[in-house]
Amino acid sequence: MAHYALLDENNIVVKVIVGNDESEGTDWESYYSNVTGKTCIRTSYNSCAGNHPEGAHCCFRKNYAGIGYSYNQEKDAFIPPQPYDSWVLCEDTCCWKSPIDQPESSNKIHKWDENTLSWVVIYEV
């Protein structure tokens, strides 16, 4: 079993499907592209920020694709939507990073405030 992202004309993921594993000898990306009329790119279900629980050999395209993610052909990576205008893309992980690190706390939950460009406490245990 493998997962595939279907892309629109702007390389934005519009659907993720479960399909056949490419190890079965068929070019399933081409097959699903022909069937759906969309560009089809395989995505790795357990890939996140360039990591995979089974090791680097299993991680490809940096992140598991989700609806609204973009596919960057140069990086060969799926990139989630930018959550805030101030956040920048980390080239190594293809994930977005806030301008300042989130405070570490075991008893507080923080949320990014784009107006003040800071982390604010939204819940305290």
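The values are calculated or read from the model by the stated rules, or taken from the named source; none is laboratory data. The model shown is predicted, which means the values in this text are computed figures rather than measured ones. A quick note on method: Cβ atoms are made from the backbone with ideal geometry, for glycine too, and the neighbour counts reach across all protein chains shown. In case anyone asks, the SASA skips ligands and DNA or RNA and just uses the protein heavy atoms, side chains included. Shrake-Rupley method; radii C 1.70, N 1.55, O 1.52, S 1.80 Å.
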Point-to-point label distance, Asn34-Val121, nm (Cα→Cβ direction, 7 Å offset): 6.1
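Using just the Cα positions, wrap the stretch 23-113 in a convex hull and report its mean projected area in square nanometres, one decimal place. Can you show the working numbers first?
Working: hull surface 33.4 nm².
Hull-based average projected area comes out at 8.3 nm².
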Equivalent ellipsoid semi-axes, the stretch 70-123, via Cα gyration tensor eigenvalues times 5, rooted, Å: 26, 12, 9
Apportionment of accessible area to carbon and sulfur, the chain, percent (1.4 Å): 48
Whole-number percent relative contact order across the chain, with pairs defined as alpha carbons under 8 Å at least 6 apart: 17
Charge-dipole axis of the chain as Lys and Arg at +1 and Asp and Glu at -1 on Cβ define it, positive-most pick from Asn115, Ser23, Asn34: Asn115
